[in-house]
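Notes follow once the structure below has been shown.
The values are calculated or read from the model by the stated rules, or taken from the named source; none is laboratory data. Here the structure is a predicted model, which means the values were calculated and not measured. Cβ sites come from the backbone with ideal geometry, for glycine too, and all protein chains shown count toward neighbours. Please note that ligands, DNA and RNA were not included when accessible areas were found on the heavy atoms of the full protein model with its side chains. Shrake-Rupley method; radii C 1.70, N 1.55, O 1.52, S 1.80 Å.
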Amino acid sequence: MASVTSSRPYHIIIFGATGFTGQFVVEEVARCAAESPGGGSLKWAVAGRSRQRLEEVLKQAAGRLSMPELRTDIEIIVADVSIEESLAIMCQQGLVILNCVGPYRFYGEPVVKACIANGAHYIDICGEPQFLERMQLEYHTKALDRGVYVIGSCGFDSIPADLGILYTQRQFKGTLTAVESFLKISSGSEGMSGHDATWQSAVYGFADSGSLRQLRKKFGHKPLPVVGAKVKKRGFMFFSKEIGQYAIPFMGSDPSVVKRTQRFLHEEEQQSPVRLYQHKNPHSHNFVTITCMCNGLIFFSFAKFPSFFSFGLFTKSGPTMKQIEDTCFSLTFFGEGYSEGTDPTQGQPNAKICTQVIGAEPGYVATVSAMVQAAITLLNELHSLPRRGGVYTPGAAFHKTSLIDHLHNHSIKFSVRNYQ
């Protein structure tokens, strides 16, 4: 693991530790620190606007984890996203900043900027494509020059999808040309729920679709090469033979993230890109949620009244522990392509593959686990990351690391399934 110093004493600093998701990140980092060799080689701290609330979070974690030492041994750093100097002081003390303060559209850029200026690597759990792509456009060269890694979308958005595609490509014997994925979220008797902050990040992210199109023009990207035969387009709602039920588009950040990864691997590693990526969600509750989020006419009402406009799926109080414990997800990938020795420019695909990523509750268990394991992988395998810094997707940043293996031991598992 990268070494801390007297001037930079922490491996990880959790910024926004008092937020709903941030509190779960605190507990996960505490568990991982206890698991590390010697039980204390991972040095970490918490940061946020209120010292009192941070103390309360540590007290809560100490009780829930039966680790009373958290109340006295973990350093508290007071930092405010609106006060540049406080962010600089925070970033100067850590090797990796875990940014849990969203919506990132409003609060993310100052933290990215402070990390680059002060030499700290940055990881977030953003699911807002406009923010993620703008950070790449505006800060990639600066981060590269400073030797800093800025890695967004390291939660449920979008590690299962992004690394799931990479896993599928590696398991496929030949040239994989197209992948279609299906998300299923299962819950217990109390159903599922999300926190207001998660809802707002999603709503604001979708509201920026117009500016996202303009932003993408600024990259000046050439179209990725078309490999293999065309894939049949699906309607808004369709019956899938693969999963045996109806499915609809899942309008998250995954397609944006996956396409950026595929572009990176094509341009930097000369890998054949997966030409089409579709993410479908057959879960009825998410159908209601997505339909609501598409309606821009009442956009600001969505943000103000999450419980009403999400039909109770997102609330100010967030899910109960029972709801979290009883919820899990599966993300199934159906891929097609050309077997080894077959020319992808000739004829129809002749080989198929099915893989699956399964995990615990996506919003506050899988997300948290993915974020923390991404940080630990960065610390342990810095030499395996691309170039010497820059702004990357999870797949681009970690494609040569053992992150998938680490995730497999922490709530997110990858496997090959039978597919006829």
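What to note about this one:
- Summing +1 for each Lys or Arg and -1 for each Asp or Glu among the other residues whose beta-carbon sits under 12 angstrom from that of residue 111 gives -3.
- Rounded accessible area of residue 226 (nearest 10 Å², 1.4 Å probe): 110
- Residue separation of residue 382 and residue 35 scaled by 0.36 nm, minus their Cα-Cα distance, works out to 122.9 nm of gained length.
- Linear extension gain, residue 340 paired with residue 236, 0.36 nm per residue minus alpha-carbon span: 34.0 nm
- Residue-by-residue Karplus 3J(HN,Hα) for the range 156-164, coefficients 6.51, -1.76, 1.60, Hz, glycine and proline x: 4, 8, 9, 5, x, 6, 5, 6, x
- Among the GluC sites (Glu not before Pro) found in the range 66-172, those both in a DSSP coil and sparsely packed, with 15 or fewer other Cβ atoms within 10 Å of their Cβ, are 69.
- Here the 3J(HN,Hα) profile of the range 128-134, calculated from phi with Karplus coefficients 6.51, -1.76 and 1.60 at θ = phi - 60°, is 10, x, 4, 5, 4, 6, 5 Hz, Gly and Pro shown as x.
- Excluding same-chain neighbours fewer than eight residues apart, the aspartates and glutamates reachable from residue 113 by a Cα-Cα span under 18 Å are 80, 84, 85, 124, 128, 133, 138, 145.
- Qualifying lysines (Cα of each under 19 Å from Cα of residue 43; at least 8 residues distant if same chain): 59
- Residue-wise HN-Hα coupling along the range 247-260, computed from phi with Karplus coefficients 6.51, -1.76, 1.60 (Hz; x: Gly, Pro): 9, 9, x, 9, 8, x, 8, 3, x, 4, 5, 4, 5, 5
- Measuring only protein heavy atoms, the 1.4 Å probe finds residue 187 accessible over about 50 Å².
- Listed by chain and number, the lysines placed with their C-alpha closer than 28 angstrom to that of residue 184 are 173, 230, 232, 233, 241, 259, 280, 304, 316, 322, 352, 413; residues fewer than eight positions away on the same chain are left out.
- Backbone N under 14 Å from the residue 60 label point (7 Å along Cα→Cβ), restricted to the range 1-38: 16-28
- Inter-label distance for residue 3 and residue 85, nm, one decimal - labels placed 7 Å from Cα along Cα-to-Cβ: 3.3
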